[in-house]
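The values are calculated or read from the model by the stated rules, or taken from the named source; none is laboratory data. Computed from a predicted structure; not experimentally measured. All Cβ positions, even for glycine, are placed from backbone atoms using ideal geometry, and neighbour counts span all protein chains on display. Heavy atoms of the whole protein, side chains included, go into the accessibility calculation; ligands, DNA and RNA do not. Shrake-Rupley method; radii C 1.70, N 1.55, O 1.52, S 1.80 Å.
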Amino acid sequence: MGTLSERLKAARGSILSADVGHAPDLTAVIGQFLPAPFVIGSKDIVDHEGTRAPALACTIYVPPPGANAEYADIPADAAVATIEVQGAMGVEAFRAAYRRVVAVKALKKRPMPGNPA
């Protein structure tokens with residue numbers, strides 16, 4: 001299995017050495033480093049008002065208790081981080097990816113319990 005440092009270097013190497021269109025499964029590469037209760041997936045993200053953002057390459061989240069993480073959309077309140085990936089990025093691909101990220105950032109999250117902000 002190796003040390004954490006060795007595992008990170010191997011993961012980085014698999015991503016950097018991939019051919020365009022044959023990239024490793026990023027959710028699997030990142031997922032091996034996430035402790036419970038965090039999971040990673042590529043699903044639509046939906047806020048409490050029903051506004052939906054299409055799935056990005058990866059979203060790290062904490063599934064709500066009792067949620068079926070296999071099939072359900074990701075609640076915006078549960079999302080921790082999102083990652084978008086492009087094999088090659090020209091100006092138009094960058095703009096499209098940026099619009100997808102902006103759609104996720106625009107979702108409304110409820111305040112965290114005990115945190116009035």
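Things worth noting here:
- So A78, is it open to solvent by 70 Å² or more (accessible area, probe 1.4 Å), without any contact (Cβ under 8 Å) to a residue 24 or more places away in the chain, more than 25 Å from L16 (Cβ to Cβ) and under 16 Å from the mean Cα position of the chain (by Cα): no
- When the residues of the stretch 85-117 are filtered to those that are of a type in the set (D, E, K, R) and surrounded by fewer than 14 Cβ atoms within 10 Å (Cβ to Cβ), the one that is nearest to the chain's Cα centre (by Cα) is K105.
- Criterion violated by V62 - all others in (1) under 17 Å from A103 (Cβ atoms); (2) open to solvent by less than 70 Å² (accessible area, probe 1.4 Å) satisfied: (1)
- Of all the numbered requirements in (1) assigned to a loop (DSSP other than H, G, I, E, B); (2) free of Cβ contacts under 8 Å to residues at least 12 places away in the same chain, L107 misses one, and that requirement is (2).
- Residues located in the stretch 1-18, provided they are open to solvent by 80 Å² or more (accessible area, probe 1.4 Å) and either in a helix (DSSP H, G or I) or touching a strand residue (DSSP E or B) at 6+ places or on another chain (Cβ under 7 Å) (or both): L4, E6, L8, K9, R12, L16
- Residue count, the stretch 24-48 (criterion: surrounded by 17 or more Cβ atoms within 10 Å (Cβ to Cβ) and at pLDDT below 85): 2
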